[in-house]
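Below is one structure, written out as structure tokens, with a few remarks after it.
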Amino acid sequence: MNPQGAARRVTIIVGESDHHNHRPLYAEIVHRAHHAGLAGASVFRGMEGFGITSRIHTSRLLSLSQDLPVMILLVDAAEPIERFLREIDDLIGEGLVLVDDVWVHRPGAPLPAPGDLASGGPTSGGPASGGPAT
């Protein structure tokens, strides 16, 4: 993936107690993402939340703290993300998968004009378009 430019972000939300083959589901997804060569993956543990069951899970109540929400964030170009999502589709179960087109920005690099995000980046010849920096 280009260090700056158009990218795709996937946010997967599962329960902390979700497992695949005796391994936490979030760990399974991150290890598969690494093996697939994706540009980045991070896991965040939620403090409180609810999902399809409408049952609130919170870290404030000891009896409910075993199944807090976990968010797995993946970033790469569109094609590798699409391939990876097909690979893990059967793992997610009742989890939630969000897919966003995003812009990866590096400090000091030019920002795209507002209309340029949909077309893949700046048209000014900046680094994201392959031209020299201005």
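The values are calculated or read from the model by the stated rules, or taken from the named source; none is laboratory data. These numbers were taken from a predicted model, which means no experiment stands behind them. Heads up, the Cβs are rebuilt from the backbone with ideal geometry, glycines too, and the neighbour counts pull from every protein chain shown.
What the table shows:
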item: Residues satisfying the stated conditions in region 10-28, i.e. within 17 Å of Asp100 (Cβ to Cβ) and either over 11 Å from the mean Cα position of the chain (by Cα) or buried (at least 17 other Cβ atoms within 10 Å of the Cβ) (or both); result: Val10, Ile12, Ile13
item: Residue that is farthest from Ile92 (Cα to Cα), among those in region 1-29 that are assigned to a helix (DSSP H, G or I) and either in contact with a helix residue (DSSP H, G or I) (Cβ under 9 Å, 6 or more places away or on another chain) or of a type in the set (A, V, I, L, M, F, W, C) (or both); result: Ala27
item: Test: residue in region 99-121 that is at pLDDT 90 or above, charged (D, E, K, R), exposed (fewer than 12 other Cβ atoms within 10 Å of the Cβ) and part of a strand (DSSP E or B); result: yes
item: Search result, residues across region 30-89 that are at pLDDT below 90, in a helix (DSSP H, G or I) and among the charged types (D, E, K, R); result: Asp67
item: Residue list for region 1-57, filter: out of contact with any strand residue (DSSP E or B) (no Cβ under 6 Å at 6 or more places or on another chain) and among the hydroxyl-bearing types (Ser, Thr, Tyr); result: Ser17, Thr53, Ser54
